[in-house]
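So the structure is just underneath, and the comments pick up after that.
The values are calculated or read from the model by the stated rules, or taken from the named source; none is laboratory data. Remember, it's a predicted structure, so these values are computed and weren't measured experimentally. Virtual Cβ from ideal backbone geometry, glycine too; neighbours counted across all protein chains shown.
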Amino acid sequence: MMDNIKNMLGDQLSPYLIQHAKNPVNWYPWSEEAFIKAKREDKPIFLSIGYSTCHWCHVMAHESFEDLEVAQLLNESFISIKVDREERPDIDGVYMTVCQLMTGSGGWPLTILMTPDKKPFFAGTYFPKETRFGKIGLIELLERVKTMWKIQKDELLYSADQISTALQNIDQESPGALLDKKTLEKAFEELQSRFDKDKGGFGTRPKFPTPHNLIFLLRYWKRTGEKSALEMVKKTLLSMRRGGIYDHVGFGIHRYSMDNEWLVPHFEKMLYDQALVAIACVETFQATEMEEFKTMAEEIFTYLRRDMTSPEGGFYSAEDADSEGEEGKFYLWKKEELQEVLNEEQAKLLIMAYNIEQDGNYFEESTGQKTKLNILHLKENFSDIAWKASISELELTNQLEKARKILLKHRSKRVRPHKDDKILTDWNGLVIAALSKGYQSTNNVNLLKMAKDATDFVLLYLKKANGRLLHAYRDGKASLDGFLTDYSFFIWGLIELYEATFNVFYLKTALDLQEMQIIDFWDDNIGGFYLTAKYSEELLTRQKDLYDGALPSGNSIAFLNLLRLSYLTGNHELEKKADILSRVFTEGILKHPSSYTQMLIGVDFMIGPTFSVVIAGDKNAPDTQQLVNYIRVKYIPNKTFILRNTENHPPEIDAYTDFLKYFDKSDDKATAYVCANQTCKPATRDVGKLLELLDSKWS
């Protein structure tokens, strides 16, 4: 009977769906065909949502979806649909909200049972095949639903209607008052109360990087001079850099730490984590001038360039936690292996520095037992380690770097974790922003090239002829209309790339996409942006998202984009849109402001002091470059930065702003113009005077 099963996932672009193409489950992609079949055969829908580098998605797949008994039950009594959450965040957003509404929590794999009309009546996450430890097994669950669908169908349909109604009412916004400094202060106090003073980060376990918390704290320190805000940022980043959550051999940051010490990670690597952590490192380097943060950012960029860049210049989405069926196997080391690969002196230093144990320091999560495997991690800084080893810090650094390169080459012979090689517009936008910021703070031209190449990729392969963005690209094909985050994150990247290059093309493209985002995503009744466009597939509800979780929300990034583009161009209509947007979500933000730190970064910009900096001069002249480079290396978060290139007549930038035509060189020398909070100060050619203006606390 199973021989006749036809799985419908084989021709999909998503690596996650393709992973399930050979399951005995008769999977359908999300499609009208599946829902028509469910209605015709009067069967409930079994919806499973995950992503290709999700560890527990793999566990459930191996345990249940590759199992003939489970497959037979699903195929006989359900229509089964697989969705890649990274490919369809709109579907995931709706049904994750359902899961949180019904169970109080959520996660992946996400398991939904629903009617052929897409209305859910049951939600959960991972289910074992068989019932154990009080958790219902998938087989028992499916058998119960199968029976209820036959004899209590009306009850299920009623429940589905009630849940759908609750879902549609859950996000009713009530525009409120303007957010102010007190909101910023409350968010700081909430973060401070959760801060782990010993290990860094917030809360206990698991610990996520959540870089926008750190970026917010940097701005709070800049605004108030509150030293503890800066110390929280430094402590957290340094603890992550030293811990097992950081890949000390190949670089890059893992998904999260399963303990409170940043030691044992979930080994998955996500593109967006690399981008956002790199931005936090770059800004902390600018704020502190501590080389450790610059190095950490550069190492993350090295990982992206080496392992996550497509031949065409776009960036892949993620790397799995598992290889050869075991989580972390690619990244773990036995002491004996290190001693075999390295020479005696290198092995001795590395084993001491990175806390390698004979019995291993990695515990198997399911048993709590040591495995003889080790996670490389640091407990001390290099100066203390060098003192213990009776060598100079420089010699220690050189020896460990030689050892690292040897280990990297050796590790490359192992079976590498699966790479999700789809290229997403929104996540690439984050990387473009990070690389552009990295270039501005380090003048590393390789970073600028990577940012330009990725931008060219998106504009060539993920932008339609009508100017609208697409969401995903893989195997030579682009698919799916762009979501809010595709526009918000890519516009952010374009703004940063403009300020890194002063190429007006990037500013023009950002403005064009911002106009399109407003047309296609803006709520004309209340304000704020929907996740999906007006022309997108209609789901149970059209959601707006503001919560800044592992990723900042599309509305939060759009808010700051609108403000920055308004300051760059003098277009006050964009600022008005930002004002409405900030008020739409006031009620939720005021309840728990630390859950919206990316939005509050925009609020901080809105409150000011916010600087508009214009340099008028010949782009390549030394005096112009001196002023430009001086501003770039400083931590001045709330600013927009324009170069009015006087080599051109008129300068190209004049076509996109309504306030620059009077900004010119003075005595034929490059001149800086600084305004803040609608107040302008006298022009200056002096770097010292420029510093004074940009450090002032204007009211």
For the condition farther than 16 Å from residue 56 by Cα, in contact with a Pro (Cβ under 8 Å, 6 or more places away or on another chain) and of a type in the set (Ser, Thr, Tyr), what is the one hit in 115, 125, 131, 97? 115
Can you name every residue in segment 492-530 that is crowded, with 23+ Cβ neighbours inside 10 Å and not in a helix (DSSP H, G or I)? 528, 529
Taking segment 94-121, which residues are more than 22 Å from residue 70 (Cα to Cα), touching a residue at least 12 places away in the same chain (Cβ under 8 Å) and not in a loop (DSSP other than H, G, I, E, B)? 94, 95, 96, 97, 98, 99, 101, 102, 103
For segment 381-395, state whether one or more residues are assigned to a loop (DSSP other than H, G, I, E, B) and within 22 Å of residue 269 (Cβ to Cβ). no
Could you pull out the residue among 253, 245 that is within 24 Å of residue 401 (Cβ to Cβ), in contact (Cβ under 8 Å) with a residue 40 or more places away in the chain and either out of contact with any Lys or Arg (no Cβ under 6 Å at 6 or more places or on another chain) or crowded, with 21+ Cβ neighbours inside 10 Å (or both)? 253
Quick test of your reading of the structure: residue 363 fulfils all but one of (1) over 21 Å from residue 423 (Cα atoms); (2) under 26 Å from the mean Cα position of the chain (by Cα); (3) touching a residue at least 40 places away in the same chain (Cβ under 8 Å). Name the failing condition by number. (2)
Using the structure shown, decide if residue 83 is surrounded by fewer than 21 Cβ atoms within 10 Å (Cβ to Cβ), touching a residue at least 40 places away in the same chain (Cβ under 8 Å), of a type outside the set (Ser, Thr, Tyr) and assigned by TED's automatic domain parsing to the domain that holds residue 143. no
Log entry, pairs with first residue in segment 505-533 being outside the structural domain of residue 569 (by TED's automatic domain parsing), second being surrounded by 20 or more Cβ atoms within 10 Å (Cβ to Cβ), beta carbons closer than 9 Å, six or more apart or on different chains, reads none
Quick one: which helices (runs of 4 or more DSSP H) sit completely within segment 122-194 and have at least 3 residues that are modelled with pLDDT under 85? 153-170
Filtering segment 604-627 for residues that are crowded, with 19+ Cβ neighbours inside 10 Å and over 29 Å from residue 186 (Cβ atoms) leaves a count of 7
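If you check residue 215 against the conditions, is it modelled with pLDDT of 95 or more and within 30 Å of residue 608 (Cβ to Cβ)?
Working: modelled with pLDDT of 95 or more: yes; within 30 Å of residue 608 (Cβ to Cβ): yes.
Considered against the rule, which asks whether it is modelled with pLDDT of 95 or more and within 30 Å of residue 608 (Cβ to Cβ), residue 215 comes out as yes.
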Considering only strands (runs of 3 or more DSSP E) wholly within segment 1-93, the ones with at least 2 residues that are at pLDDT 90 or above and within 24 Å of the chain's Cα centre (by Cα) are 45-50, 79-84
Residues of segment 666-692 that turn out to be in contact with a Gly (Cβ under 8 Å, 6 or more places away or on another chain) and modelled with pLDDT of 85 or more, as a count: 3
Six or more apart or on different chains, Cβ under 8 Å: which pairs go from a residue in segment 651-678 that's touching a residue at least 60 places away in the same chain (Cβ under 8 Å) to one that's aromatic (Phe, Trp, Tyr) and surrounded by 18 or more Cβ atoms within 10 Å (Cβ to Cβ)? Could you list them? 653/502; 673/663; 674/611; 675/611; 676/611
Criterion violated by residue 413 - all others in (1) closer than 30 Å to residue 59 by Cβ; (2) touching a helix residue (DSSP H, G or I) at 6+ places or on another chain (Cβ under 6 Å); (3) surrounded by fewer than 17 Cβ atoms within 10 Å (Cβ to Cβ) satisfied: (2)
Being over 28 Å from residue 288 (Cα atoms) and under 24 Å from the mean Cα position of the chain (by Cα), is that true of even one residue in segment 635-642? no
What pairs can you find where one residue is in segment 24-49 and within 20 Å of residue 91 (Cα to Cα), the other is of a type in the set (Asp, Glu), and their Cβ atoms are less than 7 Å apart, with a gap of 6+ or different chains? 49/92
Would you mention how many residues in segment 622-646 are in contact with a Leu (Cβ under 8 Å, 6 or more places away or on another chain) and of a type in the set (A, V, I, L, M, F, W, C)? 5
Kindly establish whether residue 337 is farther than 24 Å from residue 295 by Cβ and out of contact with any Leu (no Cβ under 9 Å at 6 or more places or on another chain). yes
For segment 434-461, how many residues are farther than 25 Å from residue 631 by Cα, in contact with a Leu (Cβ under 9 Å, 6 or more places away or on another chain) and surrounded by fewer than 23 Cβ atoms within 10 Å (Cβ to Cβ)? 1
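What are the residues in segment 491-543 that are acidic (Asp, Glu) and under 26 Å from residue 456 (Cβ atoms), if any?
496, 499, 512, 515, 520
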Quick one: which helices (runs of 4 or more DSSP H) sit completely within segment 578-686 and have at least 1 residues that are assigned by TED's automatic domain parsing to the domain that holds residue 288 and basic (Lys, Arg)? 586-591
Is it the case that some residue within segment 368-390 is closer than 29 Å to residue 322 by Cα, buried (at least 23 other Cβ atoms within 10 Å of the Cβ), without any contact (Cβ under 8 Å) to a residue 60 or more places away in the chain and under 29 Å from the mean Cα position of the chain (by Cα)? yes
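For (1) surrounded by fewer than 24 Cβ atoms within 10 Å (Cβ to Cβ); (2) outside any loop (DSSP other than H, G, I, E, B); (3) of a type in the set (Phe, Trp, Tyr); (4) touching a residue at least 60 places away in the same chain (Cβ under 8 Å), each residue gets a yes or a no:
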residue: 538; (1), (2), (3), (4): yes, no, no, no
residue: 541; (1), (2), (3), (4): yes, no, no, yes
residue: 547; (1), (2), (3), (4): yes, no, yes, no
residue: 555; (1), (2), (3), (4): no, yes, no, yes
residue: 559; (1), (2), (3), (4): no, yes, yes, no
residue: 562; (1), (2), (3), (4): no, yes, no, no
residue: 575; (1), (2), (3), (4): yes, yes, no, no
Filter segment 177-217 down to residues that are on the phi < 0 side of the Ramachandran plot and touching a Lys or Arg at 6+ places or on another chain (Cβ under 6 Å), then give me how many there are. 1
From 541, 455, residue being at pLDDT 95 or above and among the polar types (S, T, N, Q): 455
